[in-house]
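Trainee: Sharing a structure below in structure tokens format, with a few things to ask.
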Amino acid sequence: MLTNLLKSTIAKSAQKPLFVVALSVLLTILALAYTAQNFDMTTDTGDLISAKTGWRMDEAELEKAFTVRDIAGGSGANSAAYESMILVVDGKTPELAEDAAARIAAAINGDKIHFVGAKRPDAGDFFARNGLLFATKDEVKDTTQQLIDAQPLLGALAADPSLRGVAKALDTSATGAVDGDKDAVARLEKPLHSMALAIDARLQNRAAWFSWTNLFASGKGQLAPPTRRIVQVAPQLDFGDLEPGSAAYGAIMALLSAEHLDANHGVRVAITGEVPLADEEFASIRDNIGVIGAFMAAMMMLVLWFATKSLRMVAAIMGTIVAGLMMTLALGLLAVGRLNLISLAFIPLFVGLGVDFGIQVAVRFNAERRDGAAPLAALDRLAAAIGEPLLMAAAAIVLALGAFLPTEYIGIAELGVIAGMGMVIAFVLNVTLLPALLILLRPKVPATEVGWSGAAPFDRWLAVNRRKILWSFALSVVVTVAALPLVKFDFNPLNLRNPQSPAMRGLGDLLRDPDRTPNTIAILAPNLASADALAAKLAKLPEVSSVITLSSFIPDGQTDKLALIEDASFLMDSAINPFDLPPDVDDASTVAALNKAAVALRNLSLKRPDSVGAAAGRLADSFARLAAGTMAQRASVTDMLVPPMNTTLNTLRASLQASAITRDNLPDDMRNAWLAMDGRAKVEVTPAGNSVNNVVLLRFTQAVRQLAPKATGLPVATQEAAHTVAFAFIHAGILALTLVSLLLYLVLRSVREVAFTLAPVVLSGFLTLGSCVVIGQPLNFANIIAFPLLFGVGVAFHIYFVMAWRSGVGDLLQTSLARAVVCSALATGSAFGALWFSHHPGTASMGLILMISLIWTLVCALIFEPALLGPVEQREL
């Protein structure tokens, strides 16, 4: 019945070819118009997995609890976007890093076109005033004493914050050091030496920077001056664009250029985070996609020509594929609304399997024409011979792809919907449009035999060595199954990206920074007391480096520390906060001050034949050369010394205004970030060890979740996503195998023939996984998509062979069917194997596995399947 229906369909299409082609063109145009009006694609990876999975619900609950009003404190739901872009600001000095981060944050907060806003998690008024309280008592004592000892120098600088003031301050210090306390004089060596080096470099037009903060800081522990600052940015995103953050990224780059925040000015700013990483990923995919696409098309057409030896047939097959692709895209958008990163893979699935259908029809048509049949008769015979196998293959592939629908992996489920519809379209077009095109284009009758008579020795070899072949493949099953535990699944999506891209390099720096790694885990506790109790338990785990709750921002031992800070503030207040305004600066007074300071420093050098004297002598020479130099040189040195001096003085003034911290007087934004409105509290846990290492992250996550099963965060999401994807493929694989087996049994009515069809498919899958073990290629989120294509192509190939064998066809390798199967595999493999050359590591690995899987599929189809089937006369009907 099915055969008669297919014969009728093909015959009617061939009898009215112009009508069929015109209708197909019209449907293609309508599909293009619909696509142009409704095309939508999301690059949001959060949409790929169902929001109803347990770990995603935990994520959503945490995000909802801590949805702050916005970056400035107003209402909104953009808190989750704060870390969408992370600017890592590294300065040659602490002052440069702080100044750059402050300017960047201010500019971004003023640009509401490209950004929601920006915040600085490691800075702000709270930390500027109270930073000393988070150090140990001994560190506070050492720091305040250093400041008190430096009071004369600081006072002079504060009174006249200019190059002239610097010269006067060092003049006074050098004069007093001639007969000064030995220890006090020794402290001058570091600033004298450092300043001399920096001034000499500027005089030689070389880049140089100077840090006053490093002179007055203890340089260790909590108070070590940071040369790295972080700015978290919430960009305005357009998820309809393949690079949603491109406008914001461009705005940041323009800002950095306008503010001269670059290596030439002592600052390096790395832009990383979820958005730039995703944008770079698409850029790397797009980078050489034109070349790859052209190569794919050329290779596919070359193989099609090899299969048909007719350019007209190649044009007919390619026209059928293009029309089907356009219709599938339109129906896919209609069915699921928009494409995602995974469902986009319907293109290789459709083209790979569509090419197979087209080659089967074209090669069989050529075979019938070679045997003397007229075009219409050839199509009639074609329908009788391969119509049912084609329908079976299409139906089996649709069922296999539909097996992904019940999974929580939405990306692959939507791929199943679109690709499944595509298989229906591909089958319909190959029994309507393609026959019509063959009639209209009238390809010539093949001049040579379509089958491969030269393969007769191989058929005989298969028959003679059948047992050896079967035992060899049985052994390969045992070996590959034993190797399955060695198959690695790389759950870290970062490894799919180019490690040398700017965003990945920036992220790598953060991941290796134990104080700033984004690989942290967050936990939602019922209240702050519970959060603190849990934090105490987590802090004892060897896998944990640190644990933070809101209570972490209330320092211990504040009374003693505040006493030390208040003493220093009392002694230094008048020095660093002078009442009198500094006199106006002019170049003449600056030159005079430099020359006078040079004399004092040279005198100190003569009086002190030690390292302090040597440093003083060198700075004396530097000051003399600077005084004799040009105004431009003095301006350059001023730019190097004065802005960081002001930054340091402002920081010192703020740090000496510390006050007692309680939960009630913590800043609102800090409380909102750690304590929800309903009283629930957040706990943040940082891993010990190298957070770039997958093993470290796995142990860290497991250890934390033993105490807090509902923990969330990047390490949890990464590993849970891997489990979700792996389970989706296992579940879908079992379901697909079951559904396809039932379909085959309904048609073949033989368990044995069902096994003959599916056993080689399963074997090719095992061999592909075994090959991955041998070459050290782990499975990942990208290349695992090759397996649905492997299953679809494999099922199709083996259905063709089994149904030909059961209809009495022997010596399968000599048939036109074998030619079609080989050419189909070559077309798919050579075309999509080109993905191996993509600059995107994930896409490249997918191309590699596609090639490996198709090679094993072809081996199983041409060697294992004929040996498994045996002679025609031995079949069981």
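The values are calculated or read from the model by the stated rules, or taken from the named source; none is laboratory data. Only a predicted model underlies this, so the values are computations on that prediction, with no experimental measurement involved. When we count neighbours, we look across all protein chains shown, and the Cβ atoms used for this are built from the backbone with ideal geometry, even at glycine. Note: areas computed on protein heavy atoms with side chains; ligands, DNA, RNA excluded. Shrake-Rupley method; radii C 1.70, N 1.55, O 1.52, S 1.80 Å.
Trainee: Could you check the spin-label model distance between Val445 and Asp238? Points 7 Å from the Cα along Cα→Cβ, value in nm.
Mentor: Going by the 7 Å Cα→Cβ label model, 5.9 nm.
Trainee: Using alpha carbons only, how many angstrom separate the centre of segment 716-737 from the centre of segment 394-440?
Mentor: Using only Cα atoms, the two centres lie 22 Å from each other.
Trainee: I'd like the carbon and sulfur percentage of the solvent accessible area for segment 763-836, probe radius 1.4 Å, heavy atoms only, ligands and nucleic acids excluded. Mind dumping the intermediate values first?
Mentor: Numbers: 1120 of 1690 Å².
Accessible surface attributable to carbon and sulfur in segment 763-836 totals 66 percent.
Trainee: A further question follows. So for segment 443-548, considering every pair of alpha-carbon atoms, how many percent are separated by more than 21 Å? Present the calculation step by step, with values, prior to reporting the outcome.
Mentor: On the way: 3999 of 5565 pairs.
Above the 21 Å cut-off, segment 443-548 has 72 percent of its Cα pairs.
Trainee: On to the next question. Between Thr136 and Val774, what is the label-to-label distance in nm when each label sits 7 Å out along the Cα-to-Cβ direction?
Mentor: Simple spin-label model gives 5.8 nm for this pair.
Trainee: Carbon and sulfur: what percent of segment 600-691's accessible surface (1.4 Å probe)?
Mentor: Numbers: 2190 of 4160 Å².
Taking all protein chains in place, segment 600-691 shows 53 percent carbon and sulfur surface.
Trainee: Let's see if you can work this out: charge +1 on each Lys and Arg Cβ, -1 on each Asp and Glu Cβ, no other charges. What is the dipole magnitude of segment 487-640 about its Cα centre, in debye to the nearest 20? Working shown, then result.
Mentor: Working: 15 positive and 18 negative charges, 162 e Å.
In debye, rounded to 20, segment 487-640 gives about 780.
Trainee: Another question about this same structure. Stick to the Cα atoms of the chain, pair each with every other, and give me the Kirkwood hydrodynamic radius in Å at one decimal. Walk me through the intermediate numbers first.
Mentor: Details: mean 1/r = 0.0309 Å⁻¹.
Hydrodynamic radius (Kirkwood, Cα pairs) of the chain is 32.3 Å.
Trainee: By accessible area of protein heavy atoms, probe 1.4 Å, what ranking do Thr651, Thr9, Thr407, Thr768 get, highest first? List each step's numbers first, then the result.
Mentor: Working: Thr651 75, Thr9 45, Thr407 20, Thr768 0 Å².
The ordering from most to least exposed comes out as Thr651, Thr9, Thr407, Thr768.
Trainee: Could you work out how much longer the chain between His723 and Ala315 gets when fully extended? Use 0.36 nm per residue separation minus the Cα distance between them, nm to one decimal.
Mentor: Values: separation 408, 0.36 × 408 = 146.88 nm, distance 4.40 nm.
Gain on extension, His723 to Ala315, equals 142.5 nm.
Trainee: Turning to a different aspect of this structure: With just the Cα atoms defining each centre, how far is segment 443-493 from segment 136-179? Give it in Å.
Mentor: So the two Cα centres are separated by 82 Å.
Trainee: Follow-up. Contour minus end-to-end for Val477 and Arg752, with contour as 0.36 nm per residue of separation and end-to-end as the Cα-Cα distance? Please list the in-between numbers first.
Mentor: Details: separation 275, 0.36 × 275 = 99.00 nm, distance 1.86 nm.
Separation in residues times 0.36 nm, less the Cα-Cα distance, equals 97.1 nm.
Trainee: Oh, and also: Projected area of segment 398-483, taken from the Cα convex hull and averaged over every viewing direction, in nm²?
Mentor: Working: hull surface 42.9 nm².
The Cα convex hull of segment 398-483, projected and averaged over all directions, gives 10.7 nm².
Trainee: Could you give the nm distance between label points at Arg338 and Arg466, where each point is 7 Å from its Cα heading toward the beta carbon?
Mentor: Those two pseudo-labels are separated by 5.7 nm.
Trainee: Students often forget the sequence filter, so: which lysines lie under 24 Å Cα-Cα from Lys309 once same-chain residues fewer than 8 apart are removed?
Mentor: Counting by Cα, and skipping residues close in sequence, Lys309 has these lysines nearby: Lys444.
Trainee: Right, another one. Which aspartates and glutamates, if any, have their Cα less than 18 Å from the Cα of Lys16, not counting same-chain residues under 8 positions apart?
Mentor: Answer for Lys16, where 18 Å is the Cα cut-off: Asp380, listed by chain and number.
Trainee: Now a separate question. Which number do you get for Rg(Cα) / (2.2 N^0.38 Å) in segment 330-438? Numbers along the way, then the final one.
Mentor: Details: Rg = 16.1 Å, N = 109, 2.2 N^0.38 = 13.1 Å.
Against the compact-globule rule of thumb, the ratio is 1.23.
Trainee: Continuing with the same structure: Taking a ≥ b ≥ c as the square roots of the Cα gyration tensor eigenvalues, with a/c under 1.5 meaning rounded and otherwise prolate when a/b beats b/c, else oblate, which class fits segment 282-375?
Mentor: On the way: a/c = 3.50, a/b = 1.75, b/c = 2.00.
It comes out oblate by the Cα gyration axes.
Trainee: Order the following by accessible area, largest value first: Arg369, Arg381. Probe radius 1.4 Å; ligands, DNA and RNA are ignored.
Mentor: Details: Arg369 45, Arg381 110 Å².
From most accessible down to least: Arg381, Arg369.
Trainee: Choose one of Asn577, Met423, Thr712: the residue whose Cα lies farthest towards the positive end of the charge dipole of the chain (beta-carbon charges +1 Lys, Arg; -1 Asp, Glu; about the Cα centre).
Mentor: With unit charges placed on the Cβ atoms, the residue in question is Met423.
Trainee: Would you check the accessible area of Val314, probe 1.4 Å, heavy atoms only, in square angstrom rounded to 10?
Mentor: 10
Trainee: Compute the length gained on full extension between Met670 and Ala263: take 0.36 nm times their separation in residues and subtract their Cα-Cα distance, giving the result in nm to one decimal.
Mentor: Working: separation 407, 0.36 × 407 = 146.52 nm, distance 3.30 nm.
Contour length minus the Cα-Cα distance gives 143.2 nm.
Trainee: Of all chymotrypsin sites (Phe, Trp or Tyr not before Pro) in segment 534-611, which ones are in loop regions per DSSP and have a Cβ with at most 15 other Cβ atoms within 10 Å?
Mentor: Values: sites: Phe553, Phe570, Phe579; in loops: Phe579.
Qualifying residues, ordered by number: Phe579.
Trainee: Rounded to the nearest whole Å², what accessible area per residue is found for the chain with the 1.4 Å probe? Please list the in-between numbers first.
Mentor: Details: 38220 Å² over 877 residues.
In whole numbers, the chain has 44 Å² accessible per residue.
Trainee: Let me ask something else about it. Any of Lys137/Lys537; Lys64/Lys710; Lys92/Lys190; Lys52/Lys112 with alpha carbons more than 22 Å apart? Name them for me. Write out the running numbers ahead of the final one.
Mentor: Working: Lys137/Lys537 25 Å; Lys64/Lys710 15 Å; Lys92/Lys190 17 Å; Lys52/Lys112 34 Å.
The pairs that break the limit, which is 22 Å between Cα atoms, are Lys137/Lys537; Lys52/Lys112.
Trainee: Taking every DSSP beta bridge that has both residues in the chain, what percent is antiparallel when rounded to the nearest 5? Walk me through the intermediate numbers first.
Mentor: Details: 28 of 30 bridges.
Within the chain, antiparallel bridges account for around 95 percent of the total.
Trainee: Still on this structure, please answer the following. How high is the FRET efficiency between Leu32 and Val762 when r is their beta carbon distance and R₀ equals 41 Å, given to the nearest 0.05? Mind showing how you got there, number by number?
Mentor: On the way: r = 40 Å, r/R0 = 0.97.
The value I calculate is 0.55.
Trainee: Taking the Cα centre of the chain as the origin and placing charges on Cβ (Lys, Arg +1; Asp, Glu -1), which of Ala474, Leu401, Ala563 is farthest toward the positive end of the dipole?
Mentor: Ala474
Trainee: Suppose accessible area is computed on protein heavy atoms with a 1.4 Å probe; arrange Tyr34, Tyr800 from highest to lowest. Let's see the in-between values first.
Mentor: On the way: Tyr34 75, Tyr800 10 Å².
Descending accessible area places them as Tyr34, Tyr800.
Trainee: Mind checking which of Val773, Ser659, Thr686 is farthest towards the positive end of the chain's charge dipole, using Cβ charges of +1 (Lys, Arg) and -1 (Asp, Glu) about the Cα centre?
Mentor: Most positive-ward Cα: Val773.
Trainee: Another question about this same structure. In angstroms, what radius of gyration and Dmax does segment 606-761 have, counting Cα atoms only?
Mentor: Using the Cα atoms of segment 606-761, the pair Rg, Dmax is 34.7, 109 Å.
Trainee: Given charges of +1 on the Cβ of Lys and Arg and -1 on the Cβ of Asp and Glu, with all other atoms neutral, how large is the dipole of the chain about its Cα centre, in debye to the nearest 20?
Mentor: Details: 68 positive and 75 negative charges, 650 e Å.
The calculation lands at about 3120 debye.
Trainee: May I pose another question? Could you give the alpha-carbon Rg of segment 593-689 over 2.2 N^0.38 Å, rounded to two decimals? Provide the component values of the computation, followed by the final result.
Mentor: Working: Rg = 24.8 Å, N = 97, 2.2 N^0.38 = 12.5 Å.
Ratio of Cα Rg to 2.2 N^0.38 Å: 1.98.
Trainee: Carbon and sulfur together cover what percent of the accessible area of segment 362-498 at a 1.4 Å probe radius? Working shown, then result.
Mentor: Values: 4040 of 6170 Å².
Answer for segment 362-498: carbon and sulfur cover 65 percent of the accessible area.
Trainee: Roughly speaking, what is the centre-to-centre gap between segment 801-850 and segment 502-520 when only Cα atoms are used, to the nearest Å?
Mentor: 42
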